[in-house]
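Asks: Dumping the structure here so I can ask a few things about it.
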Amino acid sequence: MATDFAEIPLEQHPIQGNHQRWLQWGLLLVVVVLAAVLRFSYPGVNSFASDEARVSLMALDTAHGVQIATYGIASSAGARNLPASIYVFVPPFLLSSDPLVATYFVSLLNITAIVFVYWLACRIWSIEVAFVAALYLAVSPFDVFFSRNIWTQNLLVTLSALWFVLAYRSMVSSTSLVRSASLVALTMITGVGFQIHFAAISLIFAWVYLVVRYQWWKSWLALITGIALSVIPLLPFLYTAACCAPELVTEYLAGAGDVIVDGNRSPLLLTLRMATGSEWNYLAAGELAQTSPIMGTTGMSVALATIALIAGAIAFLFAWRRQNRGQRIASEILLVILITPILVFTLLPFTSRLHYFLTTLPAIALIVGMPFFAIKQQLFKVGLYVIVLVLAALWALQVEGSLRVINGRTAPNGLGATLQSFQAAASELADDVPLVMHTQSTDTYTRGEPAIWQVIFYERDLRLVDGWHNALLPAGPALFLADADGMPAYEEVQDYLDDVQRHQPIEGAAPVLAGTLNFDGFEDTYQWLDEPVAFSSGLTLLGWRTRTISQRYRVSTVYRIDGLPEESVINQFTHLRTADTLDPTTPPFMVADIPLTPANWRVGDIVIGIADYLAIEDIPETVTIDIGQYEIETGTRYQRADGSGDFARISDVPHN
């Protein structure tokens, strides 16, 4: 029996003897242990792709004072996320730079959401409702896999559960002080939640409904205080937008991004898909699911979940009149949390995505548990218990089976690149030398690959290089690394790379190619200029070579770094000229401009520019090559230090 909150204050509910107390704690312990096993097991079998890496890096830099985040990464709605989406991950990165710790932090917060739901249901309806609702959340595949990586949307379930608790306490707590404090906290969480992830906009609409419905405007001081507190993490964003980057605001005013309208994007259908645990393998084993026999039971689990939901919905409607005041208030909040996201993303110009409806999971879980409050026939309850327990067992086994299949390999069309794969490769590298990683880009804000390595090697001497256009040869000892087969930087140095090793400990993961530079071999590889050409950029052209490789005509230019350019990126122009286009005022026969990124250069290093031409058959047997650099923004060329122009010319180069 549930206690009547209209008569007995929340803080003074009697405990129905030691047996009930032990039962409450025992069932909660069972659920929490099960939830923890599914979320903490198989460490490293966690998605760690572009979003996770970029959020982690910004949180790490904020935690260590390198650069305080004033906005987050770009969202699926088009605009950049607000800085609270980064700040929320700072606590775990204050403890450790290991992203696995931050992943466990997310898992712990989601387990806390289960405790919130259990606590709430126990005090409003019954222990049985609490147990079933908490069990549903503990094993729901969507809840589990949206608890196992560093995504801001993975905090939506926790935000929703906490919002439910605070909304209820704002109306039913026994003292005005507790109600006011709860309203302040609720208002703050509502504002901060939206800043953490845009999908929490549904909680803002839910908050507005409750303000109007229960005349909370009369508690204006609590509302203003909560709003003021919620604005605090937004201040760095507002300051940056006002002083330096007005485009931050323009992104929001421009709209919600591309809007896709189709049946698969229906908010109602997406919510039902999440509720029934349908088609979740894109988060897990993907194409490998067919290798796990337990995954053949997914149809059965969807059917059982559907039965449990239908029974819960009917029981919820029939129990409405039988509920006391406190229960009706809680039921109304439940409906608001469930319905608001569906309405919001139906009416607003957003492309609906499944994770936008994670805020509904606490309400769905409570609906699944509702028959155990509303129905008195023991036989019917026993039948529902069997359905719920079989469903929980199937979901738990399916989740564990998926994790087991993925462990030690990648999952095509599923989890993809895992934290395990990157950490395993990193652990095989020597830990006593600096690292020079040649990857897809040096832009850690918009590109995932460089952000991943910056996080994995956060506490090491790491230099990132755009390996598609540059190869960096450090002046001192270092390990040369490349993270893709066929990367031009690796092709450039492999002739003079010693002790080459291919690190690929996780099946299907991208390899890490490593070796040490042999500078004797380097000297024998290139054509050297009789007189090096120094440019005002700080680069001195020492030599070059041309060859046909990977179905491209490649021109490699070797520079010594004598000074660091002020610009973050400069371009090298590489002009191929024929006998009738030798005049520098005439257009060249072919052009290849490539970026040179000085961010991680050091004086004394060697940098090699790699310019490729695809139209091999159009290149004559002999060409002349003009080489120089220019500023990207202005197009201004860097001059030669000897005052004889702005390029170096290499004549009579054979097409080999």
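The values are calculated or read from the model by the stated rules, or taken from the named source; none is laboratory data. These numbers were taken from a predicted model, which means no experiment stands behind them. Here the Cβ positions follow ideal geometry from the backbone for every residue, glycine too, while neighbour counts run over all protein chains shown. For the accessible areas, the whole protein counts, side chains as well, though only heavy atoms, and no ligand, DNA or RNA atoms are used. Shrake-Rupley method; radii C 1.70, N 1.55, O 1.52, S 1.80 Å.
Asks: Restricting attention to helices (runs of 4 or more DSSP H) lying wholly within the range 41-128, give those where 3 or more residues are in contact with a Ser or Thr (Cβ under 6 Å, 6 or more places away or on another chain) and buried (at least 24 other Cβ atoms within 10 Å of the Cβ).
Replies: By residue number, 99-124.
Asks: Further question on the same structure: Quick one: in the range 370-396, of everything that is part of a helix (DSSP H, G or I) and in contact with a Gly (Cβ under 7 Å, 6 or more places away or on another chain), which residue is nearest to Ile127 (Cα to Cα)?
Replies: Pro371
Asks: (1) of a type in the set (A, V, I, L, M); (2) open to solvent by 40 Å² or more (accessible area, probe 1.4 Å); (3) in contact (Cβ under 8 Å) with a residue 60 or more places away in the chain: which one isn't true of Leu288, the others all being true?
Replies: The number of the failed condition is (2).
Asks: Do you know which residues across the range 517-541 are hydroxyl-bearing (Ser, Thr, Tyr) and open to solvent by 50 Å² or more (accessible area, probe 1.4 Å)?
Replies: Within the range 517-541, just Ser536 meets the criteria.
Asks: Report the residue count in the range 341-357 for those that are over 19 Å from Thr158 (Cα atoms) and aliphatic (A, V, I, L, M).
Replies: 4
Asks: Something else about it: Counting just the residues of the range 488-516 that are open to solvent by less than 40 Å² (accessible area, probe 1.4 Å) and of a type in the set (Asp, Glu), which one comes out farthest from Ala648 (Cα to Cα)?
Replies: Ranking the qualifying residues of the range 488-516, first place goes to Glu491.
Asks: If a residue has to be surrounded by 15 or more Cβ atoms within 10 Å (Cβ to Cβ) and not in a helix (DSSP H, G or I) to count, how many in the range 291-323 make the cut?
Replies: 2
Asks: Next up: Can you find a residue in the range 561-573 that is in contact with a His (Cβ under 9 Å, 6 or more places away or on another chain) and either over 16 Å from Asp646 (Cα atoms) or crowded, with 21+ Cβ neighbours inside 10 Å (or both)?
Replies: Yes, the range 561-573 contains at least one residue that is in contact with a His (Cβ under 9 Å, 6 or more places away or on another chain) and either over 16 Å from Asp646 (Cα atoms) or crowded, with 21+ Cβ neighbours inside 10 Å (or both).
Asks: Give the residues of the range 415-425 that are open to solvent by 20 Å² or more (accessible area, probe 1.4 Å) and either out of contact with any Ser or Thr (no Cβ under 7 Å at 6 or more places or on another chain) or polar (S, T, N, Q) (or both), sorted by residue number.
Replies: Matches in the range 415-425: Gln420, Phe422, Gln423, Ala424.
Asks: I would also like to ask the following. For the range 206-214, does any single residue satisfy the condition of being of a type outside the set (D, E, K, R), modelled with pLDDT under 95 and surrounded by 13 or more Cβ atoms within 10 Å (Cβ to Cβ)?
Replies: The answer is yes; a qualifying residue exists.
Asks: Identify all residues within the range 349-369 that are open to solvent by less than 50 Å² (accessible area, probe 1.4 Å), more than 21 Å from the chain's Cα centre (by Cα) and modelled with pLDDT under 95; write none if there are none.
Replies: none
Asks: For the list (1) more than 23 Å from Glu631 (Cα to Cα); (2) in contact (Cβ under 8 Å) with a residue 60 or more places away in the chain, I need the number of the one condition that Thr557 fails.
Replies: With (1) more than 23 Å from Glu631 (Cα to Cα); (2) in contact (Cβ under 8 Å) with a residue 60 or more places away in the chain applied to Thr557, the lone miss is (1).
Asks: A further question on this structure: Hey, among Ile329, Ile342, which residue is farther than 30 Å from Pro511 by Cα, surrounded by fewer than 23 Cβ atoms within 10 Å (Cβ to Cβ) and within 25 Å of the chain's Cα centre (by Cα)?
Replies: Ile342
Asks: While we're here: Can you name the number of the only condition in (1) out of contact with any Lys or Arg (no Cβ under 6 Å at 6 or more places or on another chain); (2) farther than 28 Å from Arg552 by Cβ; (3) open to solvent by 10 Å² or more (accessible area, probe 1.4 Å); (4) not basic (Lys, Arg) that Val455 fails?
Replies: With respect to (1) out of contact with any Lys or Arg (no Cβ under 6 Å at 6 or more places or on another chain); (2) farther than 28 Å from Arg552 by Cβ; (3) open to solvent by 10 Å² or more (accessible area, probe 1.4 Å); (4) not basic (Lys, Arg), Val455 is out only on (3).
Asks: Check the range 537-560 and report whether any residue there is at pLDDT 90 or above and in a helix (DSSP H, G or I).
Replies: No, the range 537-560 contains no residue that is at pLDDT 90 or above and in a helix (DSSP H, G or I).
The rows are residues; the columns are (1) crowded, with 18+ Cβ neighbours inside 10 Å; (2) closer than 19 Å to Trp544 by Cα.
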| position | (1), (2) |
| --- | --- |
| Pro598 | yes, no |
| Trp601 | yes, no |
| Asp605 | yes, yes |
| Gly609 | yes, yes |
| Glu617 | no, no |
| Thr624 | yes, yes |
| Gln629 | yes, yes |
| Gln639 | no, no |
| Asp642 | no, no |
